[in-house]
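Read the figures in this text as sums done on the coordinates, not as results from a lab. Everything quoted here is computed from the prediction, not taken from an experiment. FYI the Cβ positions are ideal-geometry reconstructions off the backbone, even for glycines, and counts take in every protein chain you see.
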Amino acid sequence: MKYQILLDEVRQNFASVVWTHKIQEKQADLYEWQYKCVMTINIVLASITSAGILTVIFNDGFALRLFSALVSLGSLGTTAVLGSFDLKAMSERNKNTANRLVILRNQLIHVIEKLHGEGDIEEINQEYENIMSEVHRVYADAPSTTSKAERKASKALKDNNEYTYTQEEIDRFLPPSLRGEIHNV
C-alpha cells in the first residue's frame, strides 16, 4: 500500500512537471517569435527610412518628407521595444527553465520505475523528496509565462487545461511499462 500511495503522489507531480515544462518551452517560443518579428519590422523600417532620406535629398516634396519622418519614428519605436524588452534573454530564461524541468521529469520517471520494481521504499522516498526539493527551487526561480503559452502547451499536450490529471492523462506521458498501478505488492 505504501508503494501505491507514493506512486500516486509521484505521478501527480510528474504530470505537473511535464505541464510546466511545456508551458516554459512554449513561452520561450513565443518570445523568440516576437523577437524575430520586431527585428524584421525594425530592419524594414530602417531600410525604408534610409531610402526615404536619400529620396528627400533629390526631391523636395512635403508628403515624402512626412512619410520618411513617420517611418523613422516607427523605426525608433521598434528600436525602443528592443531596448526595453530583451526578448532574446527572456526566451533564454524560459528555455533554461524548461531544460531543468526535463532533467527533473526524467528523474521522476526513474523514481516511478523503482516503485514498479519494488525497491526499498525509504530510499525511493528520500530520492523523491530530494527531486521535489529541486522541483520547488526551479518553480520558485521560473520566469513568468502568459496565458497564450498555457493555451499552446495545453494544445501540444492535448490537455483540458485543468491542474488535475486523470490516470489516462498521466499515463499518456509515461512509457507503457510504467503506467497504471503497481502489481505484485
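When each of the peptides 69-77, 12-20 is scored by how many other beta carbons lie within 10 Å of its residues on average, the order from highest to lowest is 12-20, 69-77. Working from Cα pairs under 8 Å separated by at least six residues, relative contact order for the stretch 1-173 is 40 percent.
A full extension of the chain between Ala156 and Glu122 corresponds to an added length of 8.7 nm, given 0.36 nm per residue minus the alpha carbon distance. Along its first, second and third principal axes, ordered by size, the chain spans 89, 27, 21 Å in Cα coordinates. Each residue of the stretch 112-129 was assigned a 3J(HN,Hα) from its phi angle through the Karplus curve 6.51 cos²θ - 1.76 cosθ + 1.60 (θ = phi - 60°); the sequence is 4, 4, 5, 5, 5, x, 6, x, 4, 4, 5, 5, 5, 4, 5, 4, 4, 4 Hz, with glycine and proline shown as x. Stretching the chain fully between His136 and Glu9 yields a gain of 44.2 nm (0.36 nm per residue, less the alpha carbon separation). A viscosity of 1.567 mPa s and a temperature of 4 °C, combined with the Kirkwood radius over Cα pairs in Stokes-Einstein, give a translational diffusion coefficient for the stretch 37-102 of 94 µm²/s. For the stretch 61-185, the residue among Phe173, Ser154, Thr78 whose Cα projects farthest onto the positive side of the dipole built from Cβ charges is Thr78. For the stretch 65-185, the dipole from Cβ point charges (+1 on Lys and Arg, -1 on Asp and Glu) about the Cα centre works out to 1260 debye, to the nearest 20.
Fully extending the segment from Ala80 to Phe58 would add 4.9 nm, taking 0.36 nm per residue of separation and subtracting the current Cα-Cα distance. The simple Förster model, with R0 at 41 Å and r as the Cβ-Cβ distance, assigns Arg172 and Thr40 a FRET efficiency of 0.65.
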